[in-house]
Amino acid sequence: MTVDDLIRRPGAWLLTDAGPDTEIAVSARIRLARNLRQAAFPSWAGEEECVRILNRLRPAVESLPFLDGAWGWEMSELDPVDREILCERHLISSELASRNRGSAVVLRSDESLSVMINEEDHLRLQVMRPGANLMGLWEEIDAFDTALSELVPYAFSPELGYLTACPSNVGTGLRASVMVHLPALRLMREVEPVVKGLNKIGLAVRGIGGEGTEAMGNMFQVSNQMTLGEGEIDLIRRLEAVVQELTTHERNARARLQEKHPARLRDFVGRAFGILMQAHILNSQEALDLLSALRLGIEMDLVRSMGGGELNRLMQSILPGHLQRQARRDLPVEDRDQLRAMMVRERLKEAGAEPAF
Amino acid sequence: MKCQACGANPATVHLTQVMDGKVREIHLCESCAEQGGVNLQNALSLSELLLKIGVPEEGAATPDGAERSCPGCHMRRSDFKKTSRLGCAECYTAFSADLAPLIASMHKGERHVGKTPPGGLVTPVVMPVVPVPSSPAETPSIPVGPTPEQLHKQLAAAIVVENYEEAALLRDQIRLLEEVLARVPAKGTPP
Ligand SMILES: [Zn+2]
Ligand SMILES: [Zn+2]
């Protein structure tokens, strides 16, 4: 099994045609940080010790039926493009990508369940799916975690909970996040106040791929900031309610746009379509921003002949790692941007996409 | 007021963050604030900032003047300040004086609420031996921790993955626990 086998299909967070429920709340993820009781944390342990810890943890992780014939790679087996692809598929973090011997990722073949070994913590268990069903994800990862805890002695204290390398994760060690697509709120300049409001209740909002609230393709990740002093279930209920509210906000913004600013909306979608059809150089940021506008157009029936699933596939295939692997070579940035523009033009033409106004 | 990071210069930058109805404050001198890249636009910078510039200097040294370090992994306090990552689980005990204010400022509460690993507890790895009760009125309590069955399960698992080090530890733990349990009358059994 190689990373190449992954790239021909959409990632677990982007399953094709996952339905209208995933239009705004695109995907959800839960990560649990866990550590061995009597071993130095990965950053402090040094490479040889990490190798020893990996050799101990990996068979335990892979023995669990949850992973159903697990796939896995030690980071040292992977070239830079492989690592980029795994990052783009949300299977590893950039921190894990920067490591080598002694760090690994193990995943179920459908990619929805995965484990990073020796990232910042000895274990980072992850489950992800399209949509925003965090409670379902919690049940799954909770069972997986419980099974693993019977094989591996966890570092845990009754006062501080699961002990982690960074004190910001101590307690539940749980980071739940939902990726939301908010083009209309962005267009109406209403993202800032929403972000501020969420910060006040202990939730972080980060743009995907961008710094701070700069978001690539109007995608934002809403996640909990705190892990100590609130139980998993309470937190997940709260986050689910917030995402529900955000979805309503975005829908309202879309309705307001259509009603009060129809020209602005058409201009936004139409311009994006025009550039995507005619551009010969596109960097990822610009491409994702324009595809976000196109997605809005599709979801509001302003663009014909291309399904959301097809768009998801296109979005993923133009990310730098995926793009280079499909081109079968390392490409300098300028060539990548040309190839990306060409792929976008051809896919849109093939799909017969055209504005419906 | 002195700067909470360097403890030397007067604090001129005062940051307040209200999160979940809890007010958190930090007072810094200008240079420490700058070093931490204080960004007044970013409401979430406080915890990150605390991590970056480190924590108050109290408890830096042991009584004999040596720098405090973790007996489990030999991380020194200065190492933690540099990387803002702990070295091992035991560091939480070794640097508790430094960590308490940091953890309080970062989180909603100061005590864990939520899941407890069902199989194995807890910080002390070797089970404490419960002394034989001197008077029958004092019924000793069973120490909180895994049952012998759970430990046997873990032991079997450790052997499967050929982790003999862990297996040896577990074997000791089981022996101890069984000894303790043998001395504790079962529930409902008359003394
Ligand atoms: Zn200072
Ligand atoms: Zn330590």
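Read-outs: derived from the displayed coordinates by stated rules, not from any lab. Predicted model only: the values in this text are computed from it and were never measured. Ideal geometry is used to build each Cβ from the backbone, glycine not excepted, and the neighbour counts take in all protein chains shown.
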Karplus-derived 3J(HN,Hα), 6.51/-1.76/1.60, for each residue of the range A:147-153, Hz, glycine and proline x: 4, 5, 5, 7, 9, 10, x
What is the calculated FRET efficiency for A:His280 to A:Ala255, with r their C-beta to C-beta distance and R₀ = 51 Å, to the nearest 0.05? 0.90
Enumerate the amide H contacts of B:Thr12 below 5 Å, restricted to partners 5 or more residues apart or on another chain; note that Pro and chain-start residues carry no placed amide H. B:Leu28, B:Cys29, B:Glu30
Please list log₁₀ I(q)/I(0) at q = 0.14, 0.17, 0.23 Å⁻¹ for the range A:261-355, using the Debye equation with identical point scatterers on the alpha-carbon positions. -0.47, -0.68, -1.15
Intensity falloff of chain A expressed as log10 I(q)/I(0), Debye formula with alpha-carbon point scatterers, at q = 0.10 Å⁻¹: -0.64
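What does the charge count around A:Trp44 come to, taking other residues whose C-beta lies under 12 Å from its C-beta (Lys +1, Arg +1, Asp -1, Glu -1)?
Details: positive: B:Arg76, B:Lys82, B:Arg85; negative: A:Glu47, A:Glu49, A:Glu120, A:Asp121, B:Asp79, B:Glu90.
My count for the surroundings of A:Trp44 gives -3.
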Between the Cα axis of helix A:308-317 and the main Cα principal axis of chain A, the angle (0 to 90°, nearest 10) is 60 degrees
A correct fewest-to-most ranking of A:Tyr162, B:Tyr92 by other Cβ atoms within 10 Å would be B:Tyr92, A:Tyr162
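Can you check what the net charge comes to around A:Arg8, using other residues whose Cβ is under 11 Å from the Cβ of A:Arg8 (Lys, Arg +1; Asp, Glu -1)? Write down the numbers at each step before the final one.
Details: positive: A:Arg9, A:Arg313, A:Arg325; negative: A:Asp4, A:Asp5.
So the environment of A:Arg8 carries a net charge of +1.
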Taking N as its residue count, the alpha carbon Rg of the range A:317-357 over 2.2 N^0.38 Å: 1.34
Inter-chain Cβ neighbour average for residues A:29-42, partner chain, 10 Å: 4
Would you list A:Met306, A:Met75 from fewest to most Cβ contacts within 10 Å? A:Met306, A:Met75
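Given charges of +1 on the Cβ of Lys and Arg and -1 on the Cβ of Asp and Glu, with all other atoms neutral, how large is the dipole of the range A:261-355 about its Cα centre, in debye to the nearest 20?
140 debye
Would you mind ranking A:Ile201, A:Ile208, A:Ile236 so that the residue whose beta carbon has the fewest other beta carbons within 10 Å leads the list? Please report the intermediate quantities before stating the final value.
Numbers: A:Ile201 14, A:Ile208 18, A:Ile236 21.
So the ranking, lowest neighbour count to highest, is A:Ile201, A:Ile208, A:Ile236.
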A:Gly131 long-range amide H proximity, modeled H, under 5 Å: A:Ser27, A:Ala28
Need the C-alpha centroid separation for the range A:299-331 versus the range A:96-123, integer Å. 26 Å
One point scatterer per Cα, no solvent, Debye formula: log10 I(q)/I(0) for the range A:34-119 at q = 0.19, 0.25 Å⁻¹ comes out as -0.82, -1.31
Neighbourhood charge, 13 Å Cβ-Cβ cut-off, centred on A:Leu348 and excluding it, Lys, Arg +1 and Asp, Glu -1: +3
